[in-house]
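Please find one structure pasted underneath; my questions will follow.
Nothing in this text is a laboratory measurement; each read-out follows from the coordinates by a stated rule. On a predicted model such as this, the values are computed, not experimentally measured, just so you know. All Cβ positions, glycine included, derive from the backbone under ideal geometry; neighbour counts span all protein chains shown.
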Amino acid sequence: LQAFRDFLVANWGSIASVVGLAVSCVTLWVARKARESADAAKEEARRRNLSEDLQDAHVKSEQVGLFIRDGNWDRVFLRSQEISSLCSIVLKRWNKELNGNSKTQINLARDHAGSIAKVAVRAHRVQPSEKEIVNVSAAQRRLNELLSSELGEALRVIEGKEHSDV
Amino acid sequence: MSKEKEIVELLMARTKAGTQSWEPMAREDEFATVVGEGFSIFVRALEPRERGDDTPDYELILKDNNDRDVLSIYNAGEDVEWKDLQVLHDTARRSALKVDASIDAVLRQLKKQG
């Protein structure tokens, strides 16, 4: 015991350095883990926002279908414009998170929404023919399909992340 | 060759090769395709105008990722001819409506039935 005390007294400086180094390493590791957790939480929150925007666009596209059925062209126009804007926001805001295929799908959704809006503007003045209504309904179904697919993809990523965290 | 003409020719070649696909839009005789990560190209046949015949007019529009029309070719422009747009429109229509796949399927069925 005396020998150990003598060793401590003789080498206290070196021992303190080693202990200090160990404490620094642990602190660094804890800080890194905390930052990783914070980044993951931030990314998940962004993904949730993405899915919320896509969900919003999807609900609106279903409403467009109902308004087309009822011949309510003013509302078809308004909702289509809203979907088009939402798609633009999604493309800008989540440019990094979206892969190439998702960007193409959302771009197409925006194109369909824009095209439906153009038909709705004209329909306000001239009653559309049966063929035009068939075309616009087909475009609405495709719009819905594109948005559902992207919403599913966004939710799959969130759920995959949750499972990997468990 | 102008850049406009190059776009039309590349679109035609890629569509015929099956590497560029088109979709029918809500407006009649309008088809769209997405190029890269933000550009959309629309090609549309319009009502015949007072040209003395009943051939339609054609319009090609290029939209950027802010949904702005950055290029518009109506019937003809910068060494793009009416015929080029007509062929592109027809190629886009065949891709969008999957005309060739449908014809092949019908032919297969007919041959199977003997």
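Pairs of Cα atoms under 8 Å, at least six residues apart: use those to get the relative contact order of chain A, whole percent.
27
Quick one, can you get me the convex hull of the C-alpha atoms of segment A:45-151 expressed as volume per residue in Å³?
74
Given the protein assembly as shown reduced to its alpha-carbon atoms as identical point scatterers, what log10 I(q)/I(0) does the Debye formula return at q = 0.14, 0.17 Å⁻¹?
-1.07, -1.33
With each run of n ≥ 4 DSSP H residues scored as -39500 (n - 2.57), what mean residue ellipticity at 222 nm is computed for the protein assembly as shown after dividing by its residue count and rounding to the nearest 500 deg cm²/dmol?
-25500 deg cm²/dmol
If I build a Gaussian network model for chain A, linking alpha-carbon pairs within less than 10 angstrom, which residue out of A:Leu98, A:Leu147, A:Leu54 has the largest mean-square fluctuation?
For chain A, modelled as a Gaussian network with Cα springs under 10 Å, the answer is A:Leu98.
Amide H of B:Gln20: which non-local residues (sequence gap of 5 or more, or other chain) have their own amide H closer than 5 Å, using H built in the peptide plane?
Amide H to amide H, under 5 Å and 5 or more residues apart or across chains, B:Gln20 pairs with B:Thr15.
Mean-square fluctuation check for chain B, GNM, Cα pairs under 10 Å: which of B:Arg94, B:Arg44, B:Arg68 is largest?
B:Arg68
Let me ask something else. Charges on Cβ only, +1 for Lys and Arg, -1 for Asp and Glu, centred on the Cα centroid of the protein assembly as shown; of A:Gln63, B:Thr15, A:Ala45, which one is farthest towards the dipole's positive end?
A:Ala45
Residue farthest toward the positive end of the dipole of segment A:83-166, with Cβ of Lys/Arg at +1 and Asp/Glu at -1: which of A:Asn95, A:Ala139, A:Ile158?
A:Ala139
Relative contact order of segment A:84-166, please, whole-number percent, based on alpha carbon pairs below 8 angstrom and at least 6 residues apart.
Dividing the mean separation by the residue count of segment A:84-166 yields 34 percent.
Of the residues B:Asp67, B:Asp104, B:Asp57, which exhibits the maximal mean-square fluctuation in a Gaussian network model of chain B defined by a 10 Å Cα contact cut-off?
Result for chain B, Cα springs under 10 Å: B:Asp104 fluctuates most.
With the contact rule set at Cα under 8 Å and sequence spacing of 6 or more, what percent relative contact order holds for chain B?
Answer for chain B is 25 percent.
Give, in whole angstrom and from largest to smallest, the semi-axes √(5λ) of the equivalent ellipsoid of segment A:1-43, with λ running over the eigenvalues of the Cα gyration tensor.
Working from the Cα gyration tensor, I get semi-axes of 39, 8, 4 Å.
In terms of modelled amide H atoms, which long-range or inter-chain residues lie less than 5 Å from the amide H of B:Leu71?
Here the answer is B:Leu62, since their amide H atoms fall under 5 Å of that of B:Leu71.
Something else: Amide H of B:Leu46: which non-local residues (sequence gap of 5 or more, or other chain) have their own amide H closer than 5 Å, using H built in the peptide plane?
B:Asp57, B:Tyr58, B:Glu59
Which pairs break 24 Å Cα to Cα here: A:Lys103/B:Lys63; A:Lys131/B:Lys5; B:Lys5/B:Lys63; A:Lys131/B:Lys98; B:Lys3/B:Lys98; A:Lys60/B:Lys16?
A:Lys131/B:Lys5; B:Lys3/B:Lys98; A:Lys60/B:Lys16
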